[in-house]
Amino acid sequence: MEKLKLIVGMGSCGIAAGAGKVFEKLKQLKTEELFDINIDQTSCIGMCYREPLVEIIDNNHSYLYGGIDENKVEELIEHHQKFHLPIKEWVVKTEEFTTQDNEFTDSQVKIALRNCGYINPERIEEYEAQKGYQSIKKIAENKISAQEVIQSILDSGLRGRGGGGFSTGMKWRFARNSQNTEKYIICNADEGDPGAFMDRSLLEGDPHSVIEGMIIGAYAIGATEGVIYCRAEYPLAIKRLNIALEQARQKGYLGKNILGIQNFNLNIYVKEGAGAFVCGEETALIASVEGERGMPRKRPPFPAASGLWKKPTNINNVETYANIPWIILNGAKEYSKYGTEKSKGTKVFALTGKINRGGLVEVPMGITIKDIIFKLGGGIQNGKKFKAVQLGGPSGGCIPAYLDDTIVDYDSVNATGAIMGSGGMVVMDETTCMVDMARFFLDFTQKESCGKCTFCRIGTKRMLEILTRITEGEGKEGDIEKLEELSYQIKESSLCGLGQTAPNPVLTTIKYFRNEYEAHIRDKKCPAKSCTKLLTYEVIAENCTGCTICAINCPTNAIDGGKKTIHFIRQDACIKCGACFTKCNFNAIKIS
Amino acid sequence: MRIQRISLSKQKKQDQEVDLSLLEPLLKKYKGKKGNLIPILQGTQNLYNFLPQAAILKISEETEHKLSDIYGVATFYAQFRLNPVGKNIIKVCHGTACHVQDAKQITTAIKEHLKIEDGQTTEDGIFTLESVACLGCCSLAPVMMIADETFGKLTGKSAVKIIREIKKKENN
């Protein structure tokens, strides 16, 4: 009988949820020889809502367990060693039987994430075993020309997954056609969109697929140097990328005359970003790689003609590159089977917010928002009402619940006023205030505006001031119109995507939730009961049992009252955090 | 724009304590390479935990970069700090997912507890409180990060508890 094998999901969020401790515990159990086991690690499996995740392979049967902490793991091993059967109620995924989490996995099609959570990202052999580096070998062996590679990508219909949605094949063709001996290929891994972690998971879980995508891209356009611009906030991704690059170099996938292709030389290195959202814009990113302030410049010339160090440069997003090897290996036709007429393939989303099953999902284009939220996501937390979903982060917008039949493809999402974006999907329920949401995003873009264009620099600040005023109960008649006017001016007069899209969160919330703005301005009320300045917390005397839970949880000790006496909130000390309201089990806290 | 980051008045006597010889290997490694300014500044910050004025002057003397350019880059990126920070930086995530899950109350509770404002350092130099845009652990929202450890699914109370424990350890 083979040894039990345990694989721990060690992505950043897995580690934050306690996977590191589980792994340490397993190592300890192994060295103490308490159990005869093999242990290994993989990265993000995507089921973040059940972290920490541990997969057990017992006699060629695989069971993925969720919610396993360092204490549970011992019990799990004992059980498996004794009975060689799973603890059914802990299993989240297996081929053997259906679990309640099947809905999460069943609607997914994994192309970009094909290896995430299945391989150990720190070992190139495991990637190779999953047909890794077969695509670039296929190109070398069959002497497929650069033009043919570009044609395949064009035929596949792949569009930029960073949010722009520009045809990847076209981009490559422009860069190919630029006449110059020196060309660059850049991977944009500056995932600054708050609420999105697709690129991080991909880089942590399957760095080689991104590197292979870049190698193929470099071959297609004729680049000799590659840069992966990764944000410094992702230390684990940077570490795994550097390991992967070193392995690729040793195996000859990078270097000179790669795989025997004459004059195909390529080196790739990682460049750490320094924390500026605007550097996700390609010309700003190039300025940052050159060591300057990351400020965008006018286009044309486009990077395909004059980019890094004024040489032709191709920039794609992490997820775009991860798709490339699959397309080359399986053919453009196979890829374009998925999706809609103008948006082919799949898209990865980071599903977060007030949702039951949050995590990383890859779905075919054309799926409805309703299916993602209620089928995959398992609906809204605590049985609350679904209000809106935010797509595209600070550049995107909110799609209201009544438009949940909207299908996910570039054109349908754009028609709502939101954008597809890089894949952040934040779900909101009835307790989220849409005016506050707009204020939140404006606060972000206002800070991140590089300051080059006047309208973006000052306009966003003015908009933020108005929005802050509204959420604090000092809104005036005419504020909504002023916001709209400023929005259009900023959109018209900004150089780059940051400014052109910054007003989107405001415009979409005004479009779909104008009544909430009006309630704030005219009635000085927040319908979602979220804007703290418009609220007061009070104890309802007849419901209070004197259980003291509110007083214990109050961070400022603003609640008076002992055991079995009616409590009282001192308004001068209350910071309106709402902790008492969420903690009270007897509905004894009133918000008004 | 992050204009609040420019606060020259706070450049206190800290510069006297800066050991500039630590910079030598870093400058040697990057000297003359194109696009080297950001890696140099990142390396400097790793050494001192912030960018001391004396170090910036030295970088400008020894490399081809003008003082104004260095200052421009250092104030542009969120990563760079011109003032010393506490031993433990508390990064409270205010990304979209954390915002929706009420990250505000985490910051408020910590502010109340440590009696400092966002971006400030406690008098004993143990903690600095920072708000960051996204730590990428959205499914565990609300989240904060202290040193390399991420804490998820927080409440105001539990965040304060974690900080109390760290302080206890520091005082021992």
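The values are calculated or read from the model by the stated rules, or taken from the named source; none is laboratory data. The shown structure was predicted, so the numbers you read here are calculated from the model rather than taken from an experiment. Virtual Cβ from ideal backbone geometry, glycine too; neighbours counted across all protein chains shown.
Here is how the numbers come out for the structure above:
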| read-out | value |
| --- | --- |
| Filter result (of a type in the set (A, V, I, L, M) and under 25 Å from the mean Cα position of the chain (by Cα)) within the range A:303-327 | A:ILE315, A:VAL318, A:ALA322, A:ILE324, A:ILE327 |
| Residue within the range A:383-406 that is in a helix (DSSP H, G or I), within 18 Å of the chain's Cα centre (by Cα) and surrounded by fewer than 23 Cβ atoms within 10 Å (Cβ to Cβ) present | no |
| Members of the range B:21-52 that are surrounded by fewer than 15 Cβ atoms within 10 Å (Cβ to Cβ) and either in a helix (DSSP H, G or I) or hydroxyl-bearing (Ser, Thr, Tyr) (or both) | B:SER21, B:LEU22, B:GLU24, B:PRO25, B:LYS28, B:LYS29, B:ASN46 |
| Members of the range B:125-139 found to be touching a helix residue (DSSP H, G or I) at 6+ places or on another chain (Cβ under 8 Å) and assigned to a strand (DSSP E or B), listed by number | B:PHE127, B:LEU129, B:SER131 |
| Unique residue being more than 9 Å from chain B (Cβ to nearest Cβ), of a type in the set (A, V, I, L, M, F, W, C) and surrounded by fewer than 21 Cβ atoms within 10 Å (Cβ to Cβ) when the list is A:ILE261, A:ILE268 | A:ILE261 |
| Odd one out for A:LYS524, checked against (1) of a type in the set (D, E, K, R); (2) at positive phi; (3) within 14 Å of another protein chain (Cβ to nearest Cβ) | (3) |
| Condition check for B:GLY119: within 14 Å of another protein chain (Cβ to nearest Cβ), surrounded by 19 or more Cβ atoms within 10 Å (Cβ to Cβ) and closer than 30 Å to B:ARG164 by Cβ | no |
| Residues located in the range B:148-161, provided they are surrounded by fewer than 20 Cβ atoms within 10 Å (Cβ to Cβ) and either at the interface with chain A (Cβ under 7 Å from one of its Cβ atoms) or farther than 21 Å from A:TYR234 by Cα (or both) | B:THR155, B:LYS157, B:SER158, B:VAL160, B:LYS161 |
| The lone exception for A:THR98 - which of (1) of a type outside the set (D, E, K, R); (2) part of a loop (DSSP other than H, G, I, E, B); (3) in contact with a strand residue (DSSP E or B) (Cβ under 9 Å, 6 or more places away or on another chain) it fails | (3) |
| Scope the range A:204-239; condition within 14 Å of chain B (Cβ to nearest Cβ), part of a loop (DSSP other than H, G, I, E, B) and among the aliphatic types (A, V, I, L, M); matching residues | A:ALA232 |
| Test result for B:THR122, farther than 29 Å from A:LYS354 by Cα and either in the same structural domain as B:LYS104 (by TED's automatic domain parsing) or of a type in the set (Phe, Trp, Tyr) (or both) | yes |
| Filter result (in contact with a Phe, Trp or Tyr (Cβ under 7 Å, 6 or more places away or on another chain), modelled with pLDDT of 95 or more and over 16 Å from A:GLY132 (Cα atoms)) within the range A:198-225 | A:TYR219, A:ALA220, A:ILE221, A:ALA223, A:GLU225 |
| Residue ID - farthest from A:ILE77 (Cα to Cα), chosen from residues in the range A:1-40 that are among the β-branched types (Val, Ile, Thr) and surrounded by 13 or more Cβ atoms within 10 Å (Cβ to Cβ) | A:ILE15 |
| Residue in the range A:547-561 that is within 13 Å of A:ILE589 (Cα to Cα), more than 40 Å from the chain's Cα centre (by Cα) and part of a loop (DSSP other than H, G, I, E, B) present | yes |
| Qualifying residue in the range A:556-568 (condition: within 14 Å of chain B (Cβ to nearest Cβ) and surrounded by fewer than 19 Cβ atoms within 10 Å (Cβ to Cβ)) | yes |
| Some residue of the range B:137-147 being of a type in the set (A, V, I, L, M, F, W, C), within 30 Å of B:ASN36 (Cβ to Cβ) and surrounded by 19 or more Cβ atoms within 10 Å (Cβ to Cβ) | yes |
| Qualifying residue in the range A:251-269 (condition: touching a Gly at 6+ places or on another chain (Cβ under 6 Å) and closer than 30 Å to A:THR454 by Cβ) | no |
| Any hit, the range B:163-170, residues being within 14 Å of chain A (Cβ to nearest Cβ) and either at pLDDT 90 or above or part of a helix (DSSP H, G or I) (or both) | yes |
| Subset of the range A:283-305 (residues that are of a type in the set (A, V, I, L, M), within 14 Å of chain B (Cβ to nearest Cβ) and touching a residue at least 40 places away in the same chain (Cβ under 8 Å)) | A:ALA284, A:LEU285, A:ILE286, A:VAL289, A:MET295 |
| Lone unmet requirement of (1) more than 14 Å from every other protein chain (Cβ to nearest Cβ); (2) over 22 Å from A:CYS496 (Cα atoms); (3) in contact with a strand residue (DSSP E or B) (Cβ under 8 Å, 6 or more places away or on another chain) for A:ARG176 | (3) |
| Those residues of the range B:140-163 which are in contact (Cβ under 8 Å) with a residue 40 or more places away in the chain, of a type outside the set (A, V, I, L, M) and farther than 19 Å from A:PHE440 by Cα, in sequence order | B:THR155, B:GLY156, B:LYS157 |
| Strands (runs of 3 or more DSSP E) wholly inside the range A:288-365 containing at least 1 residues that are at pLDDT below 95, surrounded by 24 or more Cβ atoms within 10 Å (Cβ to Cβ) and of a type outside the set (S, T, N, Q) | A:346-353, A:359-364 |
| Qualifying position, being in the same structural domain as A:VAL227 (by TED's automatic domain parsing) and in contact with an Asp or Glu (Cβ under 8 Å, 6 or more places away or on another chain), among A:ILE261, A:ILE243 | A:ILE243 |
| Qualifying position, being farther than 27 Å from A:PHE166 by Cβ, within 14 Å of chain B (Cβ to nearest Cβ) and free of Cβ contacts under 8 Å to residues at least 60 places away in the same chain, among A:PHE386, A:PHE455 | A:PHE386 |
| Flag for A:GLN446 being part of a strand (DSSP E or B) and either within 22 Å of B:ALA97 (Cα to Cα) or touching a helix residue (DSSP H, G or I) at 6+ places or on another chain (Cβ under 9 Å) (or both) | no |
| Positions within the range B:92-110 being of a type outside the set (A, V, I, L, M, F, W, C) and within 9 Å of chain A (Cβ to nearest Cβ), in sequence order | B:HIS94, B:GLY95, B:THR96, B:HIS99, B:GLN101, B:ASP102, B:LYS104, B:GLN105, B:THR108 |
| Every residue from the range B:121-156 that is among the charged types (D, E, K, R) and closer than 30 Å to A:MET425 by Cβ | B:GLU130, B:ASP148, B:GLU149, B:LYS153 |
